[in-house]
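**Q** Pasting a structure below so you can have a look.
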Amino acid sequence: MMSGSQDQLEIKFRLTDGSDIGPINYPVATSVATLKENIIAQWPKEKDNCPLTVKDIKLISAGRILENAKTVGECRSPLCDVPGGVTTMHVVVVQQLQEKEKKLTSDDHKKNRCVCVIL
């Protein structure tokens, strides 16, 4: 049987600029999708790259991208999680990167046309 401290996991979310959200205690039965919803709700107002939906966020823990349907307990890494310690998950916002890449690729096609002329 699990003790009270083992059915909760203390997690902090590290944003790409090095700032953190948390640490916050979550039950091990919490889904990754729920973690992402909490990240969106707690996103710092002064940051401009706010994710809009759960699909805009990739959560990385112990080098693995976490799947929305999995629970926190299923994603725990025995090598990285110290009992009673704080688990750090890295947050990557995907939405803005894709928009920038689309702009770059559409603009690049216009600018970088190769034209060969044989004289």
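**Q** Can you pull out every residue in region 72-95 that is open to solvent by less than 80 Å² (accessible area, probe 1.4 Å), under 20 Å from residue 53 (Cβ atoms) and either modelled with pLDDT of 90 or more or charged (D, E, K, R) (or both)?
**A** 89, 91, 92, 93
**Q** Additional query: So the check is Cβ under 7 Å with 6+ separation or different chains; which pairs have a first residue in region 38-51 that's more than 14 Å from residue 16 (Cα to Cα) and a second one that's part of a loop (DSSP other than H, G, I, E, B) and modelled with pLDDT of 85 or more?
**A** These pairs meet every condition: 40/51.
**Q** Also, quick follow-up: Could you tell me which numbered condition residue 67 fails, if it satisfies all but one of (1) acidic (Asp, Glu); (2) at pLDDT below 90; (3) not in a helix (DSSP H, G or I)?
**A** Only one criterion is unmet by residue 67, namely (2).
**Q** Quick one: how many residues across region 12-27 are open to solvent by 70 Å² or more (accessible area, probe 1.4 Å) and outside any strand (DSSP E or B)?
**A** 2
**Q** Checking residue 25 against (1) closer than 14 Å to residue 91 by Cα; (2) more than 13 Å from the chain's Cα centre (by Cα), which single condition isn't satisfied?
**A** Only one criterion is unmet by residue 25, namely (1).
**Q** Looking at region 28-53, which of its residues are under 13 Å from residue 66 (Cβ atoms), in contact with a helix residue (DSSP H, G or I) (Cβ under 8 Å, 6 or more places away or on another chain) and either aliphatic (A, V, I, L, M) or open to solvent by 40 Å² or more (accessible area, probe 1.4 Å) (or both)?
**A** Residues satisfying the conditions are 32, 33, 35.
The values are calculated or read from the model by the stated rules, or taken from the named source; none is laboratory data. Just so we're clear, the structure is a prediction, and the values are computed from it rather than from any experiment. Note that we place each Cβ from the backbone using ideal geometry, even for glycine, and neighbour counts take in every protein chain shown. When the accessible area is computed, the model is the full protein with side chains, heavy atoms only, and any ligands, DNA or RNA have been set aside. Shrake-Rupley method; radii C 1.70, N 1.55, O 1.52, S 1.80 Å.
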